[in-house]
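The values are calculated or read from the model by the stated rules, or taken from the named source; none is laboratory data. Because the structure is a prediction, the values reported are computed rather than measured. Neighbour counts are summed over all protein chains in view; Cβ atoms, including those assigned to glycine, are modelled from backbone coordinates with ideal geometry. Please note that ligands, DNA and RNA were not included when accessible areas were found on the heavy atoms of the full protein model with its side chains. Shrake-Rupley method; radii C 1.70, N 1.55, O 1.52, S 1.80 Å.
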Amino acid sequence: MKRMFTIGRLRLSWAVTGFFLIAFLACSGDKEKASVNTEGPIYTLIFLDKTRSVNVNKAFVAQKYQQAITDLIEQNIRQKGDRLEVYFIHENTSKARALNVSVRSEMEDVSAASPTDREMAETEFTMTLNREKAQIRQRVLQQLVSQNTGSSNQETDIWASLPVIAKANETGATVKVYYLSDMIESVKGASRRDFQVKAPKDNAQADEWAKADANQLKRYTLGSPEITMVLPFEPNASVKENNPAVTQYWQTLFSELGVGTVAEE
């Protein structure tokens, strides 16, 4: 009986060892797959409103925009080849590029490396990438707080962001666009919109205007970027301050131009 009990313990021991060995190999395989980013590059465009209608010195706006910048950098800066650009929104938006950075951190090939060397390479890559993220964040925040006291702050040309998006689309990268703006288009001219003078009165009019404007803006091939509008309004803002028909206008306009995803924050 004692011999049979010993054999039984040995069998149980081998079974337990085998179970943990299989589990370890499975986990190692998952870890290896997770460390290899097979997705293509991300092209991030940030449009910062530098007109008189947006005050980034206001505590709520500053906190919201700083958090938005931190989050988008964390999500979009992942590997060598990812790119981020900052443009100012004012009367000459398409020519107002304030920052252009490309990620340099690169994960070395560890396909033939030992588990120890692989872990060391992954740790080094993570540390290098985190340092680069911090540097990019600091540079974007510097642009966020910079002041525009010139005459260009009198008009808000958001339409002029469209050729910038179209150019990014030509790279073949996944394009993600962030507007840190009140989205109050304000450009003088018979064929333009000035929401400070006349904003859409309701969603129906917003849709009507957006569809009409899309006809002259379809010359820009935007592809399928992800667009996020980060508005500077507090939750208790009045309808007069945060007119929902204005964001409805942009939702419809982007949709008419073929954009797949448009979010509002």
TODO: Inspect segment 56-64 for any residue being touching a strand residue (DSSP E or B) at 6+ places or on another chain (Cβ under 6 Å), at pLDDT 95 or above and open to solvent by less than 90 Å² (accessible area, probe 1.4 Å) and give the result as yes or no.
DONE: no
- [ ] Confirm whether GLY29 is touching a strand residue (DSSP E or B) at 6+ places or on another chain (Cβ under 8 Å) and at pLDDT below 95.
- [x] no
Task: Pair list, Cβ under 6 Å, 6 or more apart: segment 214-237 residue over 18 Å from GLN66 (Cα atoms) and open to solvent by 20 Å² or more (accessible area, probe 1.4 Å), other residue among the polar types (S, T, N, Q) and at pLDDT 95 or above - done: GLY223/ASN169
- [ ] Restrict the check to segment 242-264 and report whether at least one residue is out of contact with any helix residue (DSSP H, G or I) (no Cβ under 6 Å at 6 or more places or on another chain) and of a type in the set (Asp, Glu).
- [x] no
TODO: Say whether the condition of being part of a loop (DSSP other than H, G, I, E, B) and open to solvent by 40 Å² or more (accessible area, probe 1.4 Å) is met by at least one residue in segment 113-125.
DONE: yes
Task: Selection from segment 149-186 of residues that are surrounded by fewer than 17 Cβ atoms within 10 Å (Cβ to Cβ) and part of a loop (DSSP other than H, G, I, E, B) - done: THR149, GLY150, GLU170, THR171, GLY172
- [ ] Filter segment 65-94 for residues that are in contact with a strand residue (DSSP E or B) (Cβ under 7 Å, 6 or more places away or on another chain), assigned to a helix (DSSP H, G or I) and within 28 Å of VAL187 (Cβ to Cβ) and give the result.
- [x] TYR65, ALA68, LEU72, THR93
